[in-house]
Each structure stands twice: as structure tokens, then as C-alpha cells.
Amino acid sequence: MAWAFSLHVFKDASATTPERFATLLGMIAAQADRVAGTTLYAQLQDNNHSISEGAGLWTVGILFPMLAKADVWRKKGQEILEREAKRLIYEDGSFSQKSNNYHRLMLHDYLYAIRIGEVNGYRLEKKAVGCVRKAADFLLAMTDPISGWAPNLGGNDGALIMPLNSCDYNDMRPVVVAVHYLFAHEKLFEQGPWHEDLYWLFGAEAIKTTSREPDVKELEASSGGYYTLRGKESWGMLRCGSYIDRPSHADSLHLDLWRCGRNIAIDPGSYLYYGDSPWDNSLQSTRFHNTISVDGLDQLEKGPRFIWLRWHDARLI
């Protein structure tokens, strides 16, 4: 996806010789061919990996029709994108990976894929696209209206696959604004750097549209297990649900509290997946969340690497 983006940006540059163009095109084709033959492994992860592979195949198949397998890759990418949207995005718009950062990555994949399809005359099925729209509404409901940040839930490896603006890495407004514009053709939030993605993806006319403040709905009785409550200057988020897919952190009943744009009761996220003790992904444990830990034990039984065993249920009474 990054290679395709950069190639189109710099295709008319003097440094882009026919030989260099052909070399990069060959690299793109080789990568797409490798991905197309190994998609089952990513699918079994039940996370962003499969969606990203689908977006990559869809991208190559659409943008490089001169490649022999372009049509095959486009169709396979479409199949993956449609299947995973319906499978991994829950009814309330939350995502199987239980992480706002990975939720953003997933939205960026679909935003990129849907927009490339629109421009070139290809469309994903309506049901899958409807799931993406719900996912955008979910992230909006998780976003602090002043800072643009969101609770640092679950795993976070720093992934940001569409850095098209000068906003802080933690700011979720660029992707929320862009996906909302994709569906509603209107701008959310007052004018700011979070609108730059609109220029890249939709052109200068998108920047000129009138802005409005978003209507943020409370999350309640959600299939993903997230609840929010908002006041005039503060809001909170509670994690309370049963596990449908693999848990990320042992964080049931974690409470995130925000006041005047500041996260004053926080989720530490993951910081580092691999490192020397105590930084070897230990922040996923219950004791590092704003919740109850009995006798210092985790709420789940720790398995190898990212695996948690003995999943439990949680429900609001």
C-alpha cells in the first residue's frame, strides 16, 4: 500500500526513470503474490493482519491492471475485506482486537480500500461497508472531544499506516473525520490539522465544506463490552463484557476517566511487546488497570506470548 501510494505521488518526478518504475512494480507484484498464497495464517489470527492483507491485494489488483494476476488479486482482496468486516467488527462497531489503536489501523485499511475502489469503479458489498461505518461511529464515541485522544486499550505497537497529517500520533480525529466524510460528505470538528487527510483522499473541495461538531452517542449494552458516560467537562469509559475473540489485556471492569481533555485515570496500554523484564509486555496484567485484582492475581490465566486462558464472562446488572 505504501509503495503504491508513493509511486503515484512521485511517478512524474525526474528521478522516477522507466527502469526504477519497472523495478518497483516487480517488487509490488512479488509481494502481492506472496501474500495471496499465505492468507490463511493471517485469517486465523482474528485481527488486523488479514484485513491488511486484503487491502493490499485489493490495492495492487486495482492500481496495476497490467500485472498478469491483477484480477485474481483484486477479487481475493475483495473477498477478504468483505468477510473480515462482517466477521471481526461486532454489532456495536467495536473490533475483535480490543484496542483503539488497532481499531484505527483497521479503519485506515478500509478507508483506503473503499476510496481506491470508488475512484476506479469498484465497490465492496453494502453489508461490509455498513460494518465499517459502525466501526467509525464506535471510535468517535471513544474519542475525547477536546484532545482527540482515546483510551489506550489493549495492545498498541505504535502502528499508524496513514500518517497524512501533522496531528499527534494519539489523535483519532483524522481517521474519524475521513471515514465520516467518506459516508456523509461533511466535516466533523472545527477546522484543524485533522482535516488534512480529506485533501489527500478526496481533494481540495472536501476541505472547503462546512464543519460541524459531532453528535457523540453513549456506548451502552454493547456486544464488545464497552460503556461510556459523558458529562459537561468529564466522561468515563468502563470495560465490561464477555469475550467473543481472544482477549488482549486482563482488563475487565477497567475504568478510564477524562476531564477537560486530560486522561486522569488511564490505561497504560502495552508500551513494549518484547524486552527485558519488567518491560516484557507485563502491562497487560490486571494490576496495571483501574479495576479489582484479588490477592494480586490476574483475572485470566496467562498463556504463552499474547495468549490468555480461562476466559470469563462479565455483564452489567
| Accessible area, probe 1.4 Å, largest first, for residues ILE307, ILE62 | ILE307, ILE62
| Largest to smallest accessible area among VAL294, VAL216 [probe 1.4 Å] | VAL294, VAL216
| Does the stretch 67-191 come out rounded, prolate or oblate by the C-alpha gyration tensor, with a ≥ b ≥ c the root eigenvalues, rounded set by a/c under 1.5 and, if not, prolate when a/b is larger than b/c and oblate if not? | prolate
| query | So, counting K/R as plus one and D/E as minus one, what does the shell of residues with Cβ under 13 Å around LYS69 add up to? | reply | +2
| query | Once amide H atoms are placed 1.01 Å from N in the peptide plane, what residues at a sequence separation of 5 or more from ASN152, or on another chain, have their amide H within under 5 Å of its amide H? | reply | ASP267
| field | Crossing angle, helix 70-88 versus the chain [Cα axis fit, 0-90 degrees, rounded to tens] | value | 20 degrees
| remark: Sequence order, the stretch 95-102: Karplus ³J(HN,Hα) from phi using 6.51 cos²θ - 1.76 cosθ + 1.60, θ = phi - 60°, Hz rounded, Gly and Pro as x, gives 10, 4, 7, 6, 7, 5, 5, 5
| When only DSSP loop residues count, what chymotrypsin sites (Phe, Trp or Tyr not before Pro) in the stretch 155-245 have their Cβ near at most 14 other Cβ atoms within 10 Å? | TYR169
| Rounded, prolate or oblate: which one fits the stretch 219-317, using the alpha carbon gyration tensor with axes a ≥ b ≥ c (rounded when a/c is under 1.5, else prolate when a/b beats b/c, else oblate)? | oblate
| note | Contact order relative to length for the stretch 1-68, counting C-alpha pairs under 8 Å separated by 6 or more residues, stands in percent at 41 percent
| query | Measuring from centroid to centroid over Cα atoms, what is the spacing of the stretch 1-29 and the stretch 41-115 in Å? | reply | 23 Å
| task | Give the accessible surface of the chain per residue, rounded to a whole number of Å², with probe radius 1.4 Å and ligands, DNA and RNA excluded. | result | 50 Å²
| request: Sum -39500 (n - 2.57) across every DSSP H segment of at least 4 residues in the chain, then divide by the residue count to get the 222 nm mean residue ellipticity, nearest 500. | output: -13000 deg cm²/dmol
| query | Separation of the stretch 154-210 and the stretch 277-298 by C-alpha centroid, Å? | reply | 34 Å
| said: Quick check: residue separation of LYS127 and ILE292 times 0.36 nm, minus the Cα distance between them. What number comes out in nm? | reply: 55.5 nm
| task | Could I have the simple spin-label model distance between ILE264 and ALA22, label points 7 Å from Cα toward Cβ, reported in nm to one decimal? | result | 6.5 nm
| Given the protein chains as shown and a 1.4 Å probe, how many square angstrom of LEU300 are accessible, to the nearest 10? | 10 Å²
| request: Would you calculate the separation in nanometres between label points at TRP3 and TYR169, each defined as 7 Å from the Cα along the Cα-to-beta-carbon direction? | output: 2.6 nm
| field | Relative contact order [Cα under 8 Å, 6+ residues apart], the chain, whole percent | value | 13 percent
| request: Heads up, I need the accessible area for SER166: 1.4 angstrom probe, whole protein in place, Å², nearest 10. | output: 90 Å²
| task | Only loop residues by DSSP count here, and only those with at most 15 other Cβ atoms within 10 Å; note down the trypsin sites (Lys or Arg not before Pro) in the stretch 200-251 that meet that. | result | LYS217, LYS232
| query | Loop-only check: which GluC sites (Glu not before Pro) in the stretch 25-117 are DSSP coil with at most 14 other Cβ within 10 angstrom? | reply | GLU91
| note | Looks like the stretch 118-243, by Cα gyration tensor root eigenvalues a ≥ b ≥ c and the a/c under 1.5 rounded cutoff (else prolate when a/b is bigger than b/c, oblate otherwise), is prolate
| query | ³J(HN,Hα) across the stretch 280-294 via Karplus (A = 6.51, B = -1.76, C = 1.60, θ = phi - 60°), whole Hz, x for Gly/Pro? | reply | 8, 6, 6, 6, 6, 6, 4, 5, 9, 10, 7, 7, 9, 10, 8
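The values are calculated or read from the model by the stated rules, or taken from the named source; none is laboratory data. Predicted model only: the values in this text are computed from it and were never measured. Cβ atoms come from the backbone with ideal geometry, glycine included; neighbour counts cover every protein chain shown. Heavy atoms of the whole protein, side chains included, go into the accessibility calculation; ligands, DNA and RNA do not. Shrake-Rupley method; radii C 1.70, N 1.55, O 1.52, S 1.80 Å.
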